[in-house]
Amino acid sequence: MTARDTSQGVALDDTARDWIEAQTGAVPRDEGLWVAALTHGSTGESFDYQRLEFLGDRVLGLTIAEWLYEHTDGSEGKLSQRLNALVSRAACAKAARTEGLAEHMRLGKQARADGGLESDNILGDVIEALIGACFLEHGFDTARALVRRWWADAVEGRTGQSKHPKSALQEWAAGNRRKMPEYDLIERSGPDHALRFTVRVSVKGVGEETGTGISKQQAETDAAARFLQRHG
């Protein structure tokens, strides 16, 4: 492992450490490795996730290819088509969102302001970097098990049954002949490295709900989900 693959002594915060332990089933030993996997180049640090993402991408591809070979009897062409869909940037980002990865990513101030915490590219890269870190620290069997848990819904064909809350709310409003949802940022608080956003979503003639998150986009998603729980 090179210096570029480690944070040189930067420790995980408690929340990230607990999250990684919950995902892998083991306390992180080399915290610098995991910090690097969570770090975007916009932080200005001397390390980031790129090399680990390169490695994790290969582990992911092999795991999914093995999985499809074991459990489907499709032709080579069909297997390749399914593999490409399952390891796509959109599929990786969806797995990252499902597992709540964004809360633990380390981005610079401008990247956060530009919506980096909701970026398919960044979410997809970081989740692959985490797979790479898991492979280095625990070996292929543990990394394979991690991928199989994160990708279970997608491989078993359940992808698409659960819509993104903002899309679901928009469809709900249209189906009920209501005006489209309106989102308003009502509070931005906390230091630059730990911002919290509060957003209100309203549908005229129905009601409103508020949501919070570590990005404006995440707060909007939370607000939409809460609105659907109450009114949907």
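Can ALA219 be described as loosely packed, with under 12 Cβ neighbours inside 10 Å and either of a type in the set (Val, Ile, Thr) or in a helix (DSSP H, G or I) (or both)? Explain how you work it out, then say what you get.
Details: loosely packed, with under 12 Cβ neighbours inside 10 Å: no; either of a type in the set (Val, Ile, Thr) or in a helix (DSSP H, G or I) (or both): yes.
No, not satisfied.
So for the stretch 172-189 (the condition being in contact (Cβ under 8 Å) with a residue 24 or more places away in the chain, open to solvent by 30 Å² or more (accessible area, probe 1.4 Å) and part of a helix (DSSP H, G or I)), does at least one residue qualify?
Yes.
Checking ASP125 against (1) acidic (Asp, Glu); (2) exposed (fewer than 12 other Cβ atoms within 10 Å of the Cβ); (3) under 18 Å from SER88 (Cβ atoms): exactly one of these is not met. Which one?
(2)
Evaluate the stretch 131-143: report whether one residue or more is part of a loop (DSSP other than H, G, I, E, B) and either aliphatic (A, V, I, L, M) or in contact (Cβ under 8 Å) with a residue 40 or more places away in the chain (or both). Step through it out loud before you land on a result.
Of the stretch 131-143, the ones part of a loop (DSSP other than H, G, I, E, B) are 139.
With either aliphatic (A, V, I, L, M) or in contact (Cβ under 8 Å) with a residue 40 or more places away in the chain (or both) added as a condition, the list becomes none.
Looking through the stretch 131-143, none of the residues is part of a loop (DSSP other than H, G, I, E, B) and either aliphatic (A, V, I, L, M) or in contact (Cβ under 8 Å) with a residue 40 or more places away in the chain (or both).
Of all residues being at pLDDT 90 or above and open to solvent by less than 60 Å² (accessible area, probe 1.4 Å) in the stretch 7-25, which is farthest from ALA96 (Cα to Cα)? Just the residue, please.
So, considering only residues that are at pLDDT 90 or above and open to solvent by less than 60 Å² (accessible area, probe 1.4 Å), the one farthest from ALA96 (Cα to Cα) is LEU12.
Which of the residues belonging to the stretch 100-128 are polar (S, T, N, Q) and touching a residue at least 60 places away in the same chain (Cβ under 8 Å)?
GLN110 - this is the single residue of the stretch 100-128 that is polar (S, T, N, Q) and touching a residue at least 60 places away in the same chain (Cβ under 8 Å).
Which residue out of TYR49, TYR69 is at pLDDT 90 or above, among the aromatic types (Phe, Trp, Tyr), over 19 Å from THR142 (Cα atoms) and within 20 Å of the chain's Cα centre (by Cα)?
When all the criteria are applied, what remains is TYR49.
Test ARG4 against the criterion of being at pLDDT 90 or above, open to solvent by 40 Å² or more (accessible area, probe 1.4 Å) and either in contact with a helix residue (DSSP H, G or I) (Cβ under 9 Å, 6 or more places away or on another chain) or β-branched (Val, Ile, Thr) (or both), and give yes or no.
No; evaluated as a whole, the condition is false for this residue.
Across the stretch 30-44, which residue is most open to solvent (accessible area, probe 1.4 Å) among those that are over 18 Å from the mean Cα position of the chain (by Cα) and closer than 14 Å to ALA111 by Cα?
Of all residues in the stretch 30-44, those over 18 Å from the mean Cα position of the chain (by Cα) come to 30-33, 43-44.
Still in the list and also closer than 14 Å to ALA111 by Cα: 43-44.
Details: THR43: 47, GLY44: 68 Å².
Checking each candidate, the answer is GLY44.
The values are calculated or read from the model by the stated rules, or taken from the named source; none is laboratory data. As the structure is a computational prediction, the values presented were derived from the model and not from experiment. No Cβ is skipped: glycine too gets one built from the backbone with ideal geometry, and neighbour counts run over all protein chains shown. The accessibility values were calculated without ligands, DNA or RNA, using every heavy atom of the protein model including side chains. Shrake-Rupley method; radii C 1.70, N 1.55, O 1.52, S 1.80 Å.
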